[in-house]
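Structure record follows, encoded as structure tokens.
Quick note: the coordinates plus some simple rules give every number you see, no bench work behind them. If you're wondering where the values come from, they're calculated on a predicted model, not measured in any experiment. As a convention, Cβ positions derive from the backbone with ideal geometry for all residues, glycine included, and neighbour counts pool all protein chains shown.
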Amino acid sequence: MLEKLLNCNGIAFDCETTSESGKKKDNLHFKRNRVLCISFANDETSFCLTYDEIMEDFGTFSKVMTDPKIKKIGHNLKFDAKCVFGSFDIKVKGLWFDTHVAAKLLDENEPAGLKVLCKKYLNSEWGEFTDYLSYLKTQFPEAPPKEIKDLASRNVKYKIYMEGLCEYCRLDSVNTWKLAHYQKPVLARQNLYRLFKMEMEVLNVFYNSEIVGVYVELDYLVSLSKKYTRYIKKIERWIYLHTQDEFNLNSPKQLCFVLYDLKKLPIVEKTKSGGPSTGTGALKKLSKDGFRFVDSILLYRHWVMLVRHIDKLVNESINSKIYPTFNTVGTETGRFSCKDPNLQQIPSKTKESLAIRKGFTGNLLVADYSNMELRIMAHYTKDPKLLKVYGPGGNGDLHAQTAELLGVSRSFAKTINFGIGYGMGPNLLAAQLGIDYDKAKSYIDAWYKQYNRVEPWKQMIINTCKKYGFVRSIGGRKRRIDFSKVPYKDTWSAEREVVNFVIQGSSADITKKAMAELKDEMILMQIHDEVVIDMDHSKRSLEEIKHIMENVVSLKVPMTVDAKLCNNWSEGK
């Protein structure tokens, strides 16, 4: 059957997997799972083959999957391609159309599951896998119902399981093929197809990087975890000494008793249920008011958070490598999300958190866009003072200029600049800076007076969205918000989201365009505005990579990239 695919232009394919542990997380990890069956579909044919059947005609299977002229279509295509690599050691070529990526571009507000999309747009429905098992049990009544999923026994029960699984898998591919051909002209009509092609280039970049993985120094990370755990134990002993009793520091109920009943601290914040809050925000307010005991709780949480990040890296590692998954359309703005492990959660502001990044080693190039969002704001608003700071001849240091304007420290000014850029209001800015509402409002008012083209631009963006129902980023990405359906109390939040999208979405577009230009490099990670490249496999110099990243778009101010050659990730900061 595979020979039918050798001369075709394209196929949809889908994998069903299992794992030794049987856990869902392992079933979905290409290094821990194994393929049970793969289905294929196009206009001429559709069928599903088990692992054993594929191995019987492995040569043809390999030709089909490695031929870039045979365009590959899938829903979460990168996952299926990784499973083929993990189970067959074949690097799939020609990843052409991901219906999940297309769905996220066409409507970022709606669920993007395959069945939901096919029902909505194709009026096509097919059951869950369990439905096929129920049907097949009627065909094989001799199989004990309770053992229908017993993969260990190669008998009638296994045959029923595999027949049901294969039919379910085949229908996934059939409907994915149909969905892709529905979505393609819709993308074109909405002027999103060029953006979609760039997204697919980026998807291919991360397919290549995710199957390679990222090297980590396990011995170093284990040692670091033990070191930080000793700090945690010391803090615990100090807290217990000052409460004269041991309690579970991770229990909100027990901590609440200690803070508000035992220590008699004032209640500065309440939970949704009306009880005293033990959240970080409440503890920071208490600390600011001079209640020093809560500092030890905040310190405890800080070290526990770091240890959790380290242990996650160690536990997720396989042969001294981690294999994170990057969702290229993981947010409404087009920015990446990351999981298993989530590297975006690793902080980078303190010496202790940078020590975690030191465990990521190699011949690395760390390239970081400098003040990208603020430069994009200068481009859009055409504010003369922002253009002067970031334009040719400017010092590029808006934080220093704002600090002088407001009479605050540079770190305060940095929070204010980015906060206002993201649409932050007085309440949120006050919480971020640990100041009162009136002071925060005075900072915001002074900022808008200084950079007086920003507020009119923001209002123009909001009005555009209210009129047309969407706004676009620099690359044409859409953010759809129907203000007629937004409750009055949420209007400000929706307005802030619209403005934030134009900045953040444009930032995502620029970063992705750069990564598409660098598609023949081994890009290991993309974290926020930072790209990490393995230079052992690089075809370019640092200067060439920096030049490409700085010139992928033409803005009214230049983009600048801080690029460093490093022996570990922490040296990039």
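With a simple spin-label model that places each label point 7 Å from the Cα along the Cα-to-Cβ direction, the separation between SER287 and ALA400 comes to 3.0 nm. With 0.36 nm allotted per residue and the present C-alpha distance subtracted, the LYS233-ASN248 stretch has 4.1 nm of extension available.
Below 8 Å between Cα atoms, with a sequence gap of 6+, how large is the relative contact order for the range 373-474 in percent?
RCO, the range 373-474: 25 percent.
Given a cut-off of under 8 Å on Cα pairs at least six residues apart, what relative contact order in percent is computed for the chain? Averaging sequence separation for qualifying contacts and normalising by length gives 14 percent for the chain. Given Cβ point charges of +1 (Lys, Arg) and -1 (Asp, Glu) and nothing else, what value in debye, to the nearest 20, does the dipole of the range 230-288 about its Cα centre take? In debye, rounded to 20, the range 230-288 gives about 280. Multiplying each eigenvalue of the alpha-carbon gyration tensor of the chain by 5 and taking the square root yields semi-axes of 44, 32, 25 Å, largest first, rounded to whole angstroms. Under the combined filter of DSSP loop state and at most 14 neighbouring Cβ atoms within 10 Å, the range 207-267 retains these trypsin sites (Lys or Arg not before Pro): LYS263, LYS264.
In the chain, taking the dipole from charged Cβ atoms about the Cα centre, the farthest positive-side position among CYS169, LEU122, ASN395 is held by ASN395. Among the listed pairs LYS31/LYS512; LYS23/LYS321; LYS233/LYS284; LYS104/LYS339, those whose Cα-Cα separation exceeds 25 Å are LYS31/LYS512. Gyration tensor analysis over the Cα atoms of the range 218-360 returns equivalent ellipsoid semi-axes of 32, 21, 12 Å (largest first, whole Å).
Overall, the ratio between the Cα radius of gyration of the range 437-573 and 2.2 N^0.38 Å, rounded to two decimals, is 1.34.
Packing-based ranking of 508-515, 297-304 yields 508-515, 297-304, ordered from highest to lowest mean Cβ neighbour count within 10 Å. Placing unit charges on the Cβ atoms of the charged side chains and taking the dipole of the range 373-474 about its Cα centre, the candidate lying farthest along the positive direction among LEU386, MET424, TYR437 is LEU386. Distance from the C-alpha centroid of the range 26-56 to that of the range 538-555: 39 Å, rounded to the whole angstrom. Legend: P(r) of the range 373-474 from all alpha carbon pair distances, 10 Å bins from 0, whole percents, reading 15, 47, 30, 9, 0.
Taking Cα centre as origin and charging only the Cβ of basic (Lys, Arg, +1) and acidic (Asp, Glu, -1) residues, the dipole magnitude of the chain rounds to 1720 debye. Residue separation of LEU298 and THR331 scaled by 0.36 nm, minus their Cα-Cα distance, works out to 8.9 nm of gained length. Take each peptide in 410-421, 482-493, count the other Cβ atoms within 10 Å of every residue, and average; sorted highest first, the result is 410-421, 482-493.
Taking the Cα centre of the range 284-422 as origin, work out the dipole magnitude from +1 charges on Lys and Arg Cβ and -1 charges on Asp and Glu Cβ, in debye rounded to 20.
Roughly 220 debye, rounded to the nearest 20.
Here the extension length gained between THR350 and TYR240 equals 36.9 nm, from 0.36 nm per residue of separation less the Cα-Cα distance. Tell me which of SER19, LEU565, PRO487 sits at the most positive position along the dipole axis of the chain, charges placed on C-beta atoms (Lys, Arg +1; Asp, Glu -1). Checking the options against the dipole of the chain, the answer is PRO487.
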